[in-house]
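K.L.:
Below is the structure I would like to discuss, written out as structure tokens.
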């Protein structure tokens, strides 16, 4: 009767994750020099609270926290215009709420991309190009 050859047991040699001599690091495979992008993060101090209005009544509240990825050294420029930035963000969030952006599956990729895109546009308008990305670090919806 024919039997298959026994499978090699990686534990028999003492290497459960494979032979370390055969493993290569990503740095060794890459011929291109690593690009170092110098950025920093600015966490906006207070959360944003957005009411969701349905039929003239507040039906839910959305609470969000936002941080900005900015060019290195731009932190003071961001915080110098924080009141104006917060106002612009709130208006963008209210608009998002008014078109149903926080309704249903509000964390879907399409809705979140739309919101992030608008927040990034607003941030770049207010801070004059120092903003690289907008990070939504917390988001919660509480129905009433």
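K.L.:
Taking region 48-65 as the region of interest, how many residues are touching a strand residue (DSSP E or B) at 6+ places or on another chain (Cβ under 6 Å) and within 30 Å of residue 133 (Cβ to Cβ)?
P.N.:
Selection size over region 48-65: 11.
K.L.:
Can I ask one more? Which residues, counting only those in region 93-120, are surrounded by fewer than 14 Cβ atoms within 10 Å (Cβ to Cβ) and in a loop (DSSP other than H, G, I, E, B)?
P.N.:
99, 100, 104, 105, 107, 108
K.L.:
Residue 72 fails exactly one of the following numbered conditions: (1) touching a residue at least 24 places away in the same chain (Cβ under 8 Å); (2) closer than 20 Å to residue 53 by Cβ; (3) more than 14 Å from the chain's Cα centre (by Cα). What is the number of that condition?
P.N.:
(2)
K.L.:
Would you pick out the residues in region 128-144 that are assigned to a loop (DSSP other than H, G, I, E, B) and surrounded by 15 or more Cβ atoms within 10 Å (Cβ to Cβ)?
P.N.:
130, the sole residue that qualifies.
K.L.:
Moving on. Looking only at region 75-92, which residues are in contact with a helix residue (DSSP H, G or I) (Cβ under 7 Å, 6 or more places away or on another chain) and surrounded by 13 or more Cβ atoms within 10 Å (Cβ to Cβ)?
P.N.:
The answer is 77, 78, 81, 85, 88, 89, 92.
K.L.:
Which one of the conditions (1) part of a helix (DSSP H, G or I); (2) surrounded by 18 or more Cβ atoms within 10 Å (Cβ to Cβ) does residue 125 fail to meet, given that it meets all the rest?
P.N.:
The failed condition is (2).
None of the figures in this text is laboratory data; all of them are computed from the coordinates on show. Predicted model only: the values in this text are computed from it and were never measured. All Cβ positions, even for glycine, are placed from backbone atoms using ideal geometry, and neighbour counts span all protein chains on display.
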